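This report concerns only the one structure given below.
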Amino acid sequence: MSSVFCTFLQAGHKTPGQAGGADQVSTTAGGAAGSADRLPPGTKIIFVLGGPGSGKGTQCDRIVAKYKLKHLSAGDLLREEVKSGSSTGQELESVMKEGKLVPKEVTIGLLKKAMLKSSSNAFLIDGFPRALDQAQTFEEQIQPCEMVLFFDCPPDVMEQRLTERGKTSGRSDDNAETIHKRFKTFTEESMPVVDKYASQGKAHKISAVPPPEEVFREVEKVLEPVFGEGSKSSATTAPASATTAPAAATAAPAAATAAPAASTAVPAAATTVSPDLAALATAGQPVVLYSKRPSANWGSETSPGQSTTALMSLVPVMEGQLAPTTRILFVLGGPGSGKGTQCARIKEKYAYTHLSSGDLLRDEVKSGSQLGVALDTTMKNGDLVPTEVTIALLRNAMIKSSSDRFLIDGFPRALDQAEIFERDVMPCQMALFFDCPEKTMEERLTERGKTSGRSDDNPETMRKRFHTFVQSSMPVVEHFEKQGKLHRISAATGTPDDIFQEVQKIMEPATASS
């Protein structure tokens, strides 16, 4: 970060997490931070995402007018700083002209300052987060969002809109060169944010191509259950005398439709979600994370937040914890790369307990339970199952086992899954990635589909699964590669015996040192 931005933060604009910052947010129950330093309990936050020119601003104006939410635009806050003529504003202008992302510390600092000054308890934040680290930092240091509205719009339509707007807007970033840079930045940095919230069941995808009136009708379908007149959680003015509240009240508002925060939905191994649930567990009573049952349209695009909550309501929290000596090996690879075959050999030779997230999910489907029916719909669509559900099922299976060595196949499938698992369960020892061309995997899956009886072994779902793997799972491979934990093994040629010989070259030193 530049010296100018550092000066900005040191001059009373410190962001959450900076020691000594006046605006630091306490996320621990009973923390010492006063009410002036934290958002009031029950605060709800909606992120509004979409490419430049997708019409976010227009829809935000309509949302504010109808639902009385406080609209905060990260872009507007930054542009106001530019207009102020300050040294920070001058540097921000240079960054924005280049189409680059502003340092998250500056953006979060401006947003938090604006939220604390407001008397509202419901915020509509436009144009933020624009990168995964922004989303993670905001949720860790302030609170998780209630939901995300993603306005989907083709680049050619957005470019046409921005070019027209540039004739009268006076904005320095409304020019052809910067527009193309902004499109590139959005695709590379911001689409992973959309994927993150989609995997959590919080993202609502809305086409932004039709006229604004038609787009807003789709927005209303999403917001009415939460902020409509008949909702218990409609936006209100926060009481001036708000006092310090437990972190749980801030991180997960009580609204029935609120999606659970990732960090609370799957607790650390030895705990449950709240003191009340912990008391039930101690008493030996069954514990579930949420009491709400699935609605009839749980899988529709208009209610993903509700679907995650409904799914999690059916997953019990197992008592107990993993041994300190536990070792975890992730096995990654596209569908049809041969992961299952190699896992069976690793299990037999090295005495690992093999857990397949796919098998755990399919077992639930076969059980015929409400959760199984919902999961079946998700898997047939080639979509990712909500992170909370997958991690909960894996953790339960690990707690039930007496083993301290686990081979986890088909997980994590997205970057946020990897980060949440490592934080709330434990980091893995290593990751094996079976690299295989899409054509080879498709041939294998087609052959397997003749006898497997699996609903996802069909051409249409295969293509969806390949696309999902490239978009969501390859960043996981890169994540472990950066940590020095990834071992890449070619699974394209040779027999399974040949491939396992390469696996042994990796496993032998690792198991010998354990």
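The values are calculated or read from the model by the stated rules, or taken from the named source; none is laboratory data. None of the values given here were measured: they were computed from a predicted structure. With ideal geometry, Cβ positions are generated from the backbone for all residues, glycine too; neighbour counts draw on all protein chains shown. To get the accessible areas, we keep the full protein, side chains included, count just its heavy atoms, and leave off ligands, DNA and RNA. Shrake-Rupley method; radii C 1.70, N 1.55, O 1.52, S 1.80 Å.
Residues in segment 431-514 average 57 Å² of solvent-accessible surface per residue, probe 1.4 Å, ligands and nucleic acids excluded. Summarising the label geometry, the points placed 7 Å from Cα in the beta-carbon direction at residue 464 and residue 220 lie 3.0 nm from one another. Ranked by the mean number of other Cβ atoms within 10 Å of their residues, highest first, the peptides 488-498, 120-130 fall in the order 120-130, 488-498. Extension gain, residue 399 to residue 207, is 64.8 nm, computed as 0.36 nm per intervening residue step minus the present C-alpha separation. A crude spin-label estimate for the pair residue 377 and residue 94, with each label 7 Å from Cα along the Cβ direction, gives 5.3 nm. Shown is the FRET efficiency for residue 113 and residue 83, computed with R0 = 25 Å from the Cβ-Cβ distance and rounded to the nearest 0.05: 0.90. Modelled this way, with points 7 Å down the Cα-to-C-beta line, the labels at residue 440 and residue 347 are 2.4 nm from one another.
Amide H to amide H distances under 5 Å link residue 356 with 409, where only residues 5 or more positions off or on other chains count and H is placed in the peptide plane.
When the surface is traced with a 1.4 Å probe over the full set of protein chains, residue 355 keeps roughly 20 Å² accessible. Pairs exceeding 19 Å between alpha-carbon atoms, taken from 100/181; 202/366; 181/205; 205/464; 366/439: 202/366; 181/205; 366/439. Gain on full extension, evaluated as 0.36 nm per residue between residue 167 and residue 326 minus their Cα-Cα distance, stands at 51.1 nm. Here residue 81 sits with roughly 40 square angstrom of accessible surface, probe radius 1.4 Å.
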